[in-house]
Structure formats: structure tokens, C-alpha cells
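Below is one structure; the comments refer to it alone.
The values are calculated or read from the model by the stated rules, or taken from the named source; none is laboratory data. Just so we're clear, the structure is a prediction, and the values are computed from it rather than from any experiment. Note that each Cβ is placed from the backbone with ideal geometry, even for glycine, and that neighbours are counted across all protein chains shown. Accessible surface areas use protein heavy atoms only, side chains included; no ligands, DNA or RNA. Shrake-Rupley method; radii C 1.70, N 1.55, O 1.52, S 1.80 Å.
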Amino acid sequence: MRRIVFSLVVGIGILYWCLWVAAAFWVFYPTSLGSELKTFTPLSPEAYARVRSSAIEHSKTIAGKGIDINAGMDPAAPFAFYCNGVPLLLVDNGHIALTVNVMANADERAPSLKSFREEMLSQLVPEGRPLNAGQAIEQPAGLEAFVLKYRDGIDVSQQCR
């Protein structure tokens, strides 16, 4: 009888330890959603307001495809396009540089945004060089995609066509 109780206590202890390891793995597993960071000469407030308003107008034409824009109320605020809650394009006009983050596989996930992005980028003056020049930004897959979806709420398989 003592042996059975002892085995049961040890088994529960091992199970408890395994649950702690699994919880720690879930909480601390590193994830990232890769992007290509491009830097440009900052725009004047008026020029940035025009770019921002064209982004808002473009978002109205593609809204039915699941693409949303988060632009805020301030004309100087950064704006971002999302495909069903997953970031696609982030634009911020800072004091030092205008930055554009193009998220991994944005063109495949939301092809209707590509033309706007290319038109916008053609009007900007590059500053420096891209940090990931020549590297293809890969979309997370496997375990990282699973953790991004169920822990972080970012489903990288979302399509907005």
C-alpha cells in the first residue's frame, strides 16, 4: 500500500513538473513576425498628410477584402494596414526618418495593397539602405506560427484577396 501511495505521489510530482515546463515554454517561447524595414527622408507635415489621406482613401476601395487601416485621428500619426488583424504595412513619419515596415508575405496575403505601397514608395526619397537588403523575409511556419496564432493572436495564414 505504501508503495502505491509513494508511486502515486511521485507520479503527480512529475506531472506537476511537466505542466510547469510546458507553461514556461508557452510563455517564454520567442516569436517574431518578420518585416523588411525601409527608411526614407522624413516628409513635411503637409506631404505626410497627403500620403496618409491617400492611404485612407485606398483603404476604402479595398475594405471589402478584409483589409483595415488604423490611422488614428492626428494627421501626423503613423498608419498601419491589417489583414484580418494581422499587420501588413506600417508607416511612421518620424523626426529622423520616415520608416516603412513591410511584413512577411504581405504581397501574397493582400495583393491589392501592393500597388498602393509601390506607388507610395516611388514618391519617397530613400535614406540609408535597407537592414535586410537582398534577404527574403519568410513567413513563420510550424511551431512558431502555432504560437503566434494561439498565444499572440496573430494568424499569419490570413488571406485578404
Among 144, 127, 118: highest mean-square fluctuation, GNM of the chain, C-alpha pairs under 10 Å:
118
Out of 16, 150, 48, a Gaussian network model of the chain with alpha-carbon springs under 10 Å gives the largest mean-square fluctuation to 16
Between 66, 142, 94, where does the largest GNM mean-square fluctuation fall for the chain, given springs only between Cα atoms within less than 10 Å?
142
Report, in cubic angstrom per residue, the convex hull volume of the C-alpha atoms of region 72-161.
132
Give me the one-decimal nm value for the distance between modelled label points at residue 8 and residue 31, 7 Å along each residue's Cα-to-Cβ direction.
3.9
Virtual spin-label span in nm between residue 84 and residue 16, 7 Å along Cα→Cβ:
4.2
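Fully extended, how many nm does the chain gain between residue 74 and residue 141 (0.36 nm per residue separation, minus their Cα-Cα distance)?
20.5 nm
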When the convex hull of the C-alpha atoms of region 1-110 is computed, what volume per residue in Å³ does it have?
170
Could you give the dipole magnitude of the chain about its Cα centre, charging the beta-carbon of Lys and Arg +1 and that of Asp and Glu -1, in debye to the nearest 20?
640
If I ignore ligands, DNA and RNA and count only protein heavy atoms, how much of residue 108 is accessible to a 1.4 Å probe, in Å² to the nearest 10?
100
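Round to a whole number: what % of the accessible area of the chain belongs to carbon and sulfur, probe 1.4 Å? If you can, show how the numbers build up before the last one.
On the way: 6290 of 10160 Å².
On the chain, the fraction of accessible area on carbon and sulfur atoms equals 62 percent.
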Once you measure Cβ to Cβ distances between cysteines in the chain, which Cys have no partner under 4.7 Å?
18
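Mind checking the per residue accessible area of region 1-120 for me, 1.4 Å probe, whole number of Å²? The partial results should precede the final answer.
Working: 7290 Å² over 120 residues.
Result: 61 Å² per residue.
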Based on DSSP H assignment, which helices of the chain show an axial Cα extent of at least 15 Å together with a mean Kyte-Doolittle hydropathy greater than or equal to 1.6?
2-28
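Beta carbons within 10 angstrom, averaged per residue: use that to sort the peptides 52-64, 19-31, highest first.
Details: 52-64: 14.6, 19-31: 10.0.
Ranking, from highest mean packing down: 52-64, 19-31.
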Given the whole protein assembly as supplied and a 1.4 Å probe, what does the accessible area of residue 68 come to in Å², nearest 10?
90
